[in-house]
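Trainee: Handing you this structure, nothing more for now.
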Amino acid sequence: MRALALPALGLAQRSAQSLPALFAELATRLPAPDIARLHSAGHAVSGKGPGTYIADDLATEALADAHPRFVLRTANRRVFRLLPEAGSISVEQGGAAGDGLVNDQSAIQATIDYAEAVGAREIRFESAYYRIDCPERTSPALDTRAVDGHPLVVRKSLTLRGCAADRSVLDFRGLGGVDPDGNWQMAPTSATDAAPAVWRRGGLYLDGDTSRPEPAARRIARLELDRLVFRGNRQRTGQTTYPADSVTGDGWDISDKGFWLQDVYVGTVICRDTDFIGWRGEIFYAVGADDAIERLSLTRCKLLTGNGNGLNLGCNPRVDAVDCEFGDCKIAQEDTGKSYAHFRNCLWRDCEYVWLGGGSTHGRLYTYKYPTRDEAAPVPATILDGCRFDDAGLVWVNSWVSGRIRTVDTPVAMSSTHGHALRDIDLEVDALLDRRGGFNAVGLYGPTSLTQPVEGAPVGVYHSPPRQIRLKVRHYRSALAQQAGRHWLDVRWGGYIDRSCRIEVEGEFLAGRVPNGQDDPLSFPFVSFAGGNTTPASTVHGYYKPASIAASGVLAPASSHMALALSGDIAVDLALPANPRGGANHGYADGQRLRLVKQENAGTITFKKGTSTSMAMTATRVLDKASDWIEFAYNRSASRWEEVGFGAY
């Protein structure tokens, strides 16, 4: 060989060492000491997962041992690691096939682990479909800190982003790729109970700080999930006992949570265009201390299909949810107190019930049902803006909920049983009756006793009546409901309710079902009824009809509009009380109107001027014929009902 050819040969060999090759082939290279970068054409297949590998201070033997899918040793014992591109790596660079046939669980988890080790900020899912098999669980099922058996575990701040044209699907299966709906693992129940328990493993598990790290930043300071579908492949069976049955596998499987955050501390969690669908337990589960999550943002997300909860937020983050859907499960949302939550254009559907609003927003007192707040901070708020509830069973609304909602075949209730010491609710409900009927659109229920103990509280702490509750209800029926003869029942209240509460109702209703507290109620909040259309009318104008009156006495208002019937062709004198049965704190509100109409022609009803200090008349009035009426307005300062209208025909 001529001397001039030797330098050329050296240059050619040097150039060959720098040519792109598959990841495994790079390990056969002999790069010169001054070559700091190698390029792969792909991980296992050319074009899938190409990348640049760098020899720098992070590229150590220890890193190569810990992350062999991303760090290589060349033939001359140099170490090169994958270099994130603008802080981003792909699961294909870790060997994920992304074909839906090969189990990509180990490749995806290895990508997460490597990103966390080198400080990469983003993981890309470049294919449309990934199969993820459940790894084996050996730890007890109830050990919530053990990570074995969880398919995907995140420990540091990351963004997981789907890059396929129509999002990227993560398809979760059982051990060995079996159908997880009918197959599951068995693990010991706990460290002290060796009895076998069902383990289906869930989807994404967050292994955050187990104690508050402040003033240091939280390890998972920010987690973003973007354009991903976490498909659990479980069906809703309707069996909701928990834990799941160890023989049939059916039930509310507490080992199977789509998004799993429990008793750890993280910062901000952001989900965009990301769905969690088909899990036997909780679909999105985040519980722990009040500040377990600092902020949760959900945009165009679906949390659907399972035997447990859709959205379970047993903590107090700031919540912003836009264009989201929750349901096809037992409880579409189970909530505790929120200092601030805003739901815009969201849908809750096909469930047994929904639980919204607070509880504890400033430390727990007695029970999570008891409201607490920081009185030096703005009033807590759960805002429902243009939200809808379809076939949602029953919506329980607790303290500090406001906004306007539309319900379809779904009742709404506020009850001191589910939300102790209810307060500060301002809600408008557009209630549509469609495929079912015969239920109350809205109900407000206080305690039946003022000495009813609060669970978990010291002796002498009692349920207090709801106060500062403002409800506006509009009744509608679809043409289908009208054709089928389906009807709304009444908007109803019961128990002890503070007189500061207001109920305003309009729209269609079944005869006799105008807003009422039933006969002789303990309380009478401010009640108004307008624009009513009874369907059909079995009482005068469809007004509420108490028990037939058999003798003279004091008539206890039970509704703002009442039809009065006599037990026979008799004459009675009636007066009105200064307060409802529960006392002055529970009614009546100043300006409350009361319209009384005679139901039938038989007998007479007389309201005599000057016979009662709690009733002021311009003259003695006699209701003689059917449809004769008299109307009063309550004067709070004088504690009396004052006549404002009369009609006899």
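Trainee: Over segment 526-649, calculate the relative contact order: mean separation of alpha carbon pairs under 8 Å at least 6 apart, over the residue count, as a percent.
Mentor: 22 percent
Trainee: Using a 1.4 Å probe over the heavy atoms of the protein chains, calculate the carbon and sulfur portion of the accessible area of segment 22-96 as a whole percent.
Mentor: 56 percent
Trainee: If you don't mind, there's one more thing I want to ask. Between the helical axis of 105-118 and the dominant principal axis of the chain, each derived from Cα atoms, what acute angle in degrees is found, rounded to the nearest 10?
Mentor: 80 degrees
Trainee: Can you list the trypsin sites (Lys or Arg not before Pro) in segment 138-233 that are in a DSSP coil and have 13 or fewer other beta carbons within 10 angstrom?
Mentor: 145
Trainee: If you compute Kirkwood radius over Cα pairs in Å for the structure shown, which of (i) 26.7; (ii) 28.7; (iii) 38.0 do you land on?
Mentor: (ii)
Trainee: Of 58, 564, which has the most accessible area and how do the rest follow, probe 1.4 Å?
Mentor: These residues rank, largest area first, as 58, 564.
Trainee: So, one more: Taking K and R as +1 and D and E as -1, what net charge do the other residues with C-beta under 11 Å from the C-beta of residue 241 add up to?
Mentor: Overall, the nearby charge balance is -2.
Trainee: Moving on. Considering only DSSP beta bridges where both residues belong to the chain, give the percentage that are antiparallel (nearest 5).
Mentor: Bridges in the chain that DSSP calls antiparallel: roughly 20 percent.
Trainee: Could you rank 631, 85 by how accessible they are, 1.4 Å probe, largest area first?
Mentor: In descending accessible area the options line up as 85, 631.
Trainee: Further question on the same structure: What percentage of the solvent-accessible surface of segment 235-391, computed with a 1.4 Å probe over protein heavy atoms, is contributed by carbon and sulfur atoms?
Mentor: Roughly 44 percent of what the probe reaches on segment 235-391 is carbon or sulfur.
Trainee: Any idea what the dipole of the chain comes to, in debye rounded to 20, about its Cα centre with Lys/Arg Cβ at +1 and Asp/Glu Cβ at -1?
Mentor: 800 debye
Trainee: Counting only the backbone N, which residues of segment 601-642 are under 19 Å from the spot 7 Å out from the Cα of residue 548 toward its beta-carbon?
Mentor: Counting only backbone N, you get 601-606, 623-628.
Trainee: If amide H atoms are built 1.01 Å from N in the plane of the peptide, which residues on other chains or at least 5 residues away come under 5 Å of the amide H of residue 90?
Mentor: Placed amide hydrogens put 124 under 5 Å from residue 90.
Trainee: Against the longest alpha carbon principal axis of the chain, how many degrees, from 0 to 90 and to the nearest 10, is the axis of helix 5-18 turned?
Mentor: That helix lies at roughly 20 degrees to the long axis.
Trainee: Given Cα pairs under 8 Å that are at least 6 residues apart, what percent is the relative contact order of the chain?
Mentor: That works out to 5 percent.
Trainee: Calculate one ³J(HN,Hα) per residue across segment 192-201 by plugging θ = phi - 60° into the Karplus curve 6.51 cos²θ - 1.76 cosθ + 1.60, and present them in order as whole Hz with x for glycine and proline.
Mentor: Running phi through 6.51 cos²θ - 1.76 cosθ + 1.60 with θ = phi - 60° gives 10, 9, 7, 4, x, 10, 5, 9, 9, 5 Hz.
Trainee: For the chain, with every protein chain kept in place, what is the accessible area per residue (1.4 Å probe, Å²)?
Mentor: Accessible area per residue, the chain: 39 Å².
Trainee: If you plug each phi of segment 53-67 into the Karplus form 6.51 cos²θ - 1.76 cosθ + 1.60 with θ = phi - 60°, what whole-Hz ³J(HN,Hα) values come out, in order, with x for Gly and Pro?
Mentor: Result, rounded to whole Hz: 10, 10, 9, 9, 5, 7, 7, 10, 4, 5, 5, 5, 5, 7, 9.
Trainee: Which value at 222 nm does the chain reach when only helices count, each DSSP H run of 4 or more adding -39,500 (n - 2.57), with the total divided by all residues and rounded to the nearest 500 deg cm²/dmol?
Mentor: Helix contribution divided over all residues of the chain: -2000 deg cm²/dmol.
Trainee: Nearest 20 debye, what's the magnitude of the dipole of segment 301-441 about its Cα centre given +1 on Lys and Arg Cβ and -1 on Asp and Glu Cβ?
Mentor: It comes to approximately 260 debye.
The values are calculated or read from the model by the stated rules, or taken from the named source; none is laboratory data. The model shown is predicted, which means the values in this text are computed figures rather than measured ones. Glycine gets a Cβ as well: all are built from the backbone with ideal geometry, and neighbour counts include every protein chain shown. Ligands, DNA and RNA are stripped out before the accessible areas are found, and what is left, the full protein with its side chains, is counted by its heavy atoms. Shrake-Rupley method; radii C 1.70, N 1.55, O 1.52, S 1.80 Å.
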